[in-house]
Amino acid sequence: MSPPSQIFTPQSTAEEVASVFSEAIQGKNVLITGTSLNGIGFETARAIARHANLVVITGYSAERLKLSENGIKKSVPTANIRRLTLDLSSLDGVRKAAAEVNAYPEPIHVLIHNAAAAIGPFKLTVDNLESQMATDHIGPFLLTKLLLNKLRSLDSPSFTPRVIFVSGAAHAYSPGISLPRITSPSAEGYTNFGAYWDAKCANILTASELARRGRGVISAFSIHPGFIFSNFVQKDGAVPELQASGILTADGLPNTEKYAWKTIEQGAATSVAAAFDPSISDKSGSYLVDGKISNESIAPHAADPETAAKLWSLTEKIIGEEFVF
């Protein structure tokens with residue numbers, strides 16, 4: 001019999017995948033970042049909430065978080081949803097949110113890093129970091145580090161906690177992540193999509209290094225959700241360059257002649273598979289596409305273990321904390 005992941009197609013939805021893995025999801029507590037309406041994080045949360053014990057949804061806006069909770073409960077009235085205000089662009093904001101999670105009585109079984117900063121002009125955070133790298137990589141790295149004991153607290157021989165990083169095929173467009181640019185960000189040479197590509201590279205590199213260091217303690221995976229016409233690609237800062245590259249048409253709509261697009265429901269499917277597919281338990285560090293392991297799809301510059309180790313050490317210096325198991 002084929003492993004569960006092999007039955008999925010690019011058209012499989014998050015709800016269909018969650019139904020297949022319902023037994024694995026039952027009793028689990030899951031934290032998902034970036035769960036605004038009309039996004040894959042929201043759909044990931046909605047699909048998982050139908051089966052999980054607890055789903056923690058996060059965002060920097062309390063008002064938008066409430067809308068997301070209402071949206072999930074409208075579809076799944078029995079869902080146990082907990083809202084967590086989290087600003088991934090601020091190290092202090094991450095520490096505040098992590099302290100709140102660490103005070104929960106429940107363990108966290110799965111952490112899904114779905115949130116991403118808007119693609120736009122050069123912007124520094126309160127910590128003088130480039131906004132996309134801070135929100136997509138450094139904040140999630142710190143959050144994972146701070147929640148390590150919470151992830152480990154379940155102490156179950158039948159389940160290893162998982163950390164999922166939503167990356168993307170766009171990582172391949174990066175010429176290779178620049179470590180000096182992370183520590184010394186500058187508007188000079190900055191491009192909207194160059195910063196996005198680097199951040200997606202960082203997600204894959206971090207997943208592989210977390211898997212290597214956390215062997216037997218934490219499992220980690222990165223994924224490509226697909227081309228999705230979500231709230232992320234419809235933001236003003238992203239549209240002009242997406243049009244210029246031909247990803248969107250002149251009307252700002254998906255270019256279906258050039259790319260195979262997925263619905264939001266289909267785009268969230270791989271996040272669910274990475275989080276709960278038992279057939280990949282021994283494949284920590286892998287990259288998934290269409291619900292299946294696809295390590296051959298990783299660009300060489302995002303698969304280099306030396307770069308992954310250097311990025312890990314550099315990020316530890318930025319957050320001022322050592323990430324040890």
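Would you be able to say whether some residue in segment 103-124 is in a helix (DSSP H, G or I) and either farther than 20 Å from Ala211 by Cβ or at pLDDT below 95 (or both)? Within segment 103-124, not a single residue is in a helix (DSSP H, G or I) and either farther than 20 Å from Ala211 by Cβ or at pLDDT below 95 (or both).
The set of residues in segment 1-60 being among the acidic types (Asp, Glu) and open to solvent by 30 Å² or more (accessible area, probe 1.4 Å) consists of Glu15, Glu16, Glu23. Filter segment 71-90 down to residues that are in contact with a Leu (Cβ under 9 Å, 6 or more places away or on another chain) and open to solvent by 60 Å² or more (accessible area, probe 1.4 Å) and give me whichever is nearest to Asp127 (Cα to Cα). That would be Thr85.
Please determine whether any residue of segment 152-166 is in contact (Cβ under 8 Å) with a residue 40 or more places away in the chain, part of a helix (DSSP H, G or I) and of a type in the set (Val, Ile, Thr). No, the conditions are met nowhere in segment 152-166. Under the condition of being among the hydroxyl-bearing types (Ser, Thr, Tyr) and under 30 Å from Ser90 (Cβ atoms), which residue from segment 266-325 is surrounded by the fewest Cβ atoms within 10 Å (Cβ to Cβ)? Among those that are among the hydroxyl-bearing types (Ser, Thr, Tyr) and under 30 Å from Ser90 (Cβ atoms), it is Ser313. Considering only segment 182-214, state which residues are more than 20 Å from Thr135 (Cα to Cα) and in contact with a Gly (Cβ under 9 Å, 6 or more places away or on another chain). Answer for segment 182-214, where residues must be more than 20 Å from Thr135 (Cα to Cα) and in contact with a Gly (Cβ under 9 Å, 6 or more places away or on another chain): Ala211, Arg212. Note on segment 113-134: among residues that are touching a Leu at 6+ places or on another chain (Cβ under 9 Å) and of a type outside the set (Gly, Ala, Ser), the one that is most open to solvent (accessible area, probe 1.4 Å) is Val126. Here segment 252-265 is the region considered, the condition is being of a type in the set (D, E, K, R) and surrounded by fewer than 21 Cβ atoms within 10 Å (Cβ to Cβ), and the residue that is modelled with the highest pLDDT is Glu265. Restricting the first member to segment 249-263 and to residues that are in contact (Cβ under 8 Å) with a residue 40 or more places away in the chain, and the second to residues that are in a strand (DSSP E or B) and surrounded by 14 or more Cβ atoms within 10 Å (Cβ to Cβ), the beta-carbon pairs closer than 8 Å and six or more apart or on different chains are Ala260/Phe227; Lys262/Phe227; Lys262/Ile228; Thr263/Ile228.
Out of everything in segment 151-176 that is among the hydroxyl-bearing types (Ser, Thr, Tyr) and open to solvent by 50 Å² or more (accessible area, probe 1.4 Å), what residue ends up being modelled with the lowest pLDDT? Out of the qualifying residues, it is Ser158.
Check segment 177-184 and report whether any residue there is open to solvent by less than 20 Å² (accessible area, probe 1.4 Å) and not in a helix (DSSP H, G or I). Within segment 177-184 (the criterion being open to solvent by less than 20 Å² (accessible area, probe 1.4 Å) and not in a helix (DSSP H, G or I)), the answer is no, since none of the residues qualifies.
Ala99 - would you say it is under 15 Å from the mean Cα position of the chain (by Cα) and open to solvent by 50 Å² or more (accessible area, probe 1.4 Å)? Break it down into steps so the answer makes sense when it comes.
Numbers: under 15 Å from the mean Cα position of the chain (by Cα): no; open to solvent by 50 Å² or more (accessible area, probe 1.4 Å): yes.
No.
The values are calculated or read from the model by the stated rules, or taken from the named source; none is laboratory data. Predicted model, so just to flag it, every value in this text is computed and none were measured. Backbone-built Cβ (ideal geometry, glycine too); neighbour counts: all protein chains shown. Just the protein is used for accessible areas: all its heavy atoms, side chains included, with ligands, DNA and RNA removed. Shrake-Rupley method; radii C 1.70, N 1.55, O 1.52, S 1.80 Å.
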